[in-house]
Protein chains: 2
Amino acid sequence: MERIEHHASFSGRQEVWQHTSRSTGCTMKFGIYLPPAALAGERCPVLYWLSGLTCTEQNFITKAGAQRHAAAHDLIVVAPDTSPRGANIANDAAYDLGQGAGFYVDATETPWAAHFQMQTYVADELPALIEQHFPASAARGIFGHSMGGHGALVTALRHPGRYRSVSAFSPIVAPSQVPWGQKALAAYLGNRPDVWKAWDATALIATAHERLPLLIDQGDADEFLQQHLRPELLLAACQEVGYPLELRMQPGYDHSYYFIASFIGDHFAHHAKTLSASA
Amino acid sequence: MERIEHHASFSGRQEVWQHTSRSTGCTMKFGIYLPPAALAGERCPVLYWLSGLTCTEQNFITKAGAQRHAAAHDLIVVAPDTSPRGANIANDAAYDLGQGAGFYVDATETPWAAHFQMQTYVADELPALIEQHFPASAARGIFGHSMGGHGALVTALRHPGRYRSVSAFSPIVAPSQVPWGQKALAAYLGNRPDVWKAWDATALIATAHERLPLLIDQGDADEFLQQHLRPELLLAACQEVGYPLELRMQPGYDHSYYFIASFIGDHFAHHAKTLSASA
């Protein structure tokens, strides 16, 4: 564990750390925002952010404007990188496969399985590390954007009891039915659509026991809406089983961090409702 | 004039434009945030942001978290690039001279004078363009960071009556007395310390007729504080002539956009006090 960046921010501190990960077998970086209460030694709930395609740990911490809200709600915010990285790690020339595109699954196929164990990393290894080294309580929330929105939904749905709150911006809600998802799931998990369902939020909703209320914001001017995101599929699945979903279509908004920044305050309020009460 | 980016943001719109500039003789880009009131056709005051060394028009619009405040105060915010740019334009291998380092002066020396006319660009050409093409009132404020803090102070002090409010983050307050400034002023204006004084906020304060209250935030963990920024020189000059300066030393903060984002709400409130009343 080595701290490679630290910046005072909204009376708290934004840090970046790197460490050797057991699950991915390489050096991983993550951003962590410590609110004033955490700097004062108080144990704070932790909100995990999962980023989208091509992102590193930097995008969210520099562009989302999250720190002011994290400070106001006394929440730690952890933002990991989106994949294993390195010259000796499998990659692909496309932006939507390989490094920067881990899809938060545990790969089973060659050449990906050796390092692309992002689900184990974000759901198991990283929270254990955070709760050991920082003033973190055991109250966890999770959210993310696009590929990371998929990651947040799937990670929460696969681990009942582990997270107390979940939300997403412009998530890939049904990866087994859209091009981005089909390409990634086929590469990482093989051409086995039955297996993909265990990594598909729309499919997982049908059998979910735990019912964490979902908040989803989606811009209606998002260039990926029709082909890759398709929130109507999740909406239908939730209606089918009575799963609590608040899907907000935001008129005129696109897929960018300008969209995220505009509504992230509402997501912090959503998470704080549960996390701050249970800290 | 060509719009090359547009994103919904806090119920307004963040845009990026490029145009052929008469003063710099090349294509220039600027960011412009149009608050909801401007989109509804109301003429809004304009706050100009000048960025620091190495920045383009992108840094401020992606990292400062300004849009939420601009929307709340009904202010247009314009953020130009920091220099002329292009393969056929003079440059230097160092980060603190040439492209990305225009210092907001009008250069008189070879090879810079042909394009490096940034003072004329930011003080004359750009405001005229903005007031012609956007729903902008004639009420103007100006602020900036580091080299751009110097730019904001000097531009306001050199043009009494043109701006109604001014502020800065971590400004180079006395370029004629510090290495960054001496290097740039010598290159752009020649080795003429008497001429440099017309581009030095600390020197200009001594003879200022107009007294716009200055708000300056400076992190005390800023890595450039002792060598390049030296706010105590401006403080002394202001005290000498009774110029109104609020200099806030912010404990633990560095030179980054994390610092800017933490306090930019206060700067918007400072500018809105004058701009919104006079719109």
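May I ask you to list pairs of residues, at least six apart or on different chains, whose Cβ atoms are under 9 Å apart, with the first in the range A:167-183 being free of Cβ contacts under 8 Å to residues at least 40 places away in the same chain and the second being hydrophobic (A, V, I, L, M, F, W, C) and open to solvent by 10 Å² or more (accessible area, probe 1.4 Å)?
Pairs found: A:SER176/A:TRP196; A:SER176/A:TRP199; A:SER176/A:ALA203; A:GLN182/A:TRP196.
Does A:ALA277 fit the bill of being more than 16 Å from the chain's Cα centre (by Cα) and assigned to a helix (DSSP H, G or I)?
The answer is yes for A:ALA277.
Where residues in the range A:1-18 are closer than 24 Å to A:ALA114 by Cβ and surrounded by fewer than 16 Cβ atoms within 10 Å (Cβ to Cβ), which of them is farthest from the other protein chains (Cβ to nearest Cβ)?
Filtering first and then ranking leaves A:MET1.
Among the residues of the range A:202-219, which ones are part of a loop (DSSP other than H, G, I, E, B) and within 16 Å of A:GLY149 (Cβ to Cβ)?
Once the filter is applied, which keeps residues that are part of a loop (DSSP other than H, G, I, E, B) and within 16 Å of A:GLY149 (Cβ to Cβ), the range A:202-219 yields A:LEU212, A:PRO213.
Out of the residues in the range B:20-36 meeting the condition of being open to solvent by 10 Å² or more (accessible area, probe 1.4 Å) and away from chain A (no Cβ under 14 Å), tell me which one is nearest to B:ALA72 (Cα to Cα).
B:LYS29
Among (1) out of contact with any Cys (no Cβ under 9 Å at 6 or more places or on another chain); (2) away from chain A (no Cβ under 14 Å), where does B:ILE205 come up short?
Tallying (1) out of contact with any Cys (no Cβ under 9 Å at 6 or more places or on another chain); (2) away from chain A (no Cβ under 14 Å), B:ILE205 fails exactly one: (1).
Quick check on the range A:249-263. Is at least one of its residues more than 14 Å from chain B (Cβ to nearest Cβ), within 30 Å of B:ILE61 (Cβ to Cβ) and not hydrophobic (A, V, I, L, M, F, W, C)?
no
Here are the criteria: (1) surrounded by 24 or more Cβ atoms within 10 Å (Cβ to Cβ); (2) more than 20 Å from B:HIS133 (Cα to Cα); (3) within 10 Å of another protein chain (Cβ to nearest Cβ). Tell me which single one B:ASN59 does not satisfy.
(1)
When residues of the range A:214-224 are filtered for being within 14 Å of another protein chain (Cβ to nearest Cβ) and either touching a His at 6+ places or on another chain (Cβ under 8 Å) or open to solvent by 20 Å² or more (accessible area, probe 1.4 Å) (or both), how many remain?
6
With a cut-off of at least 3 residues that are within 18 Å of the chain's Cα centre (by Cα), name the helices (runs of 4 or more DSSP H) lying wholly within the range A:1-81.
A:58-63, A:67-73
Going by the structure shown, is B:LYS29 among the charged types (D, E, K, R), over 21 Å from B:LEU153 (Cβ atoms) and in contact with a His (Cβ under 9 Å, 6 or more places away or on another chain)?
In short, yes.
For the range A:84-92, indicate whether the set of residues that are within 19 Å of the chain's Cα centre (by Cα) and either hydroxyl-bearing (Ser, Thr, Tyr) or within 14 Å of chain B (Cβ to nearest Cβ) (or both) is non-empty.
no
Output the residue which, of all residues in the range A:226-266 that are over 20 Å from B:HIS69 (Cα atoms), in contact (Cβ under 8 Å) with a residue 40 or more places away in the chain and under 19 Å from the mean Cα position of the chain (by Cα), is most open to solvent (accessible area, probe 1.4 Å).
Among them, the one singled out is A:ARG230.
What residue, of B:LEU153, B:LEU129, is farther than 30 Å from B:MET249 by Cα and either at pLDDT 95 or above or of a type in the set (Asp, Glu) (or both)?
B:LEU129
Mind checking whether some residue in the range B:38-50 is modelled with pLDDT of 95 or more, open to solvent by less than 40 Å² (accessible area, probe 1.4 Å) and over 20 Å from B:PRO127 (Cβ atoms)?
For the range B:38-50, residues modelled with pLDDT of 95 or more, open to solvent by less than 40 Å² (accessible area, probe 1.4 Å) and over 20 Å from B:PRO127 (Cβ atoms): absent.
Provide a single number: the residues in the range A:71-110 that are open to solvent by 30 Å² or more (accessible area, probe 1.4 Å) and touching a Gly at 6+ places or on another chain (Cβ under 7 Å).
4
Just give me the residues in the range B:267-278 being farther than 30 Å from A:GLN58 by Cα, surrounded by fewer than 18 Cβ atoms within 10 Å (Cβ to Cβ) and not hydroxyl-bearing (Ser, Thr, Tyr), in sequence order.
Within the range B:267-278, B:LYS273, B:ALA277 qualify.
The values are calculated or read from the model by the stated rules, or taken from the named source; none is laboratory data. In this text, all values refer to a predicted model and were calculated from it rather than measured experimentally. All Cβ positions, glycine included, derive from the backbone under ideal geometry; neighbour counts span all protein chains shown. Each accessible area value is taken on the protein alone, full model and side chains, heavy atoms only, with ligands, DNA and RNA left out. Shrake-Rupley method; radii C 1.70, N 1.55, O 1.52, S 1.80 Å.
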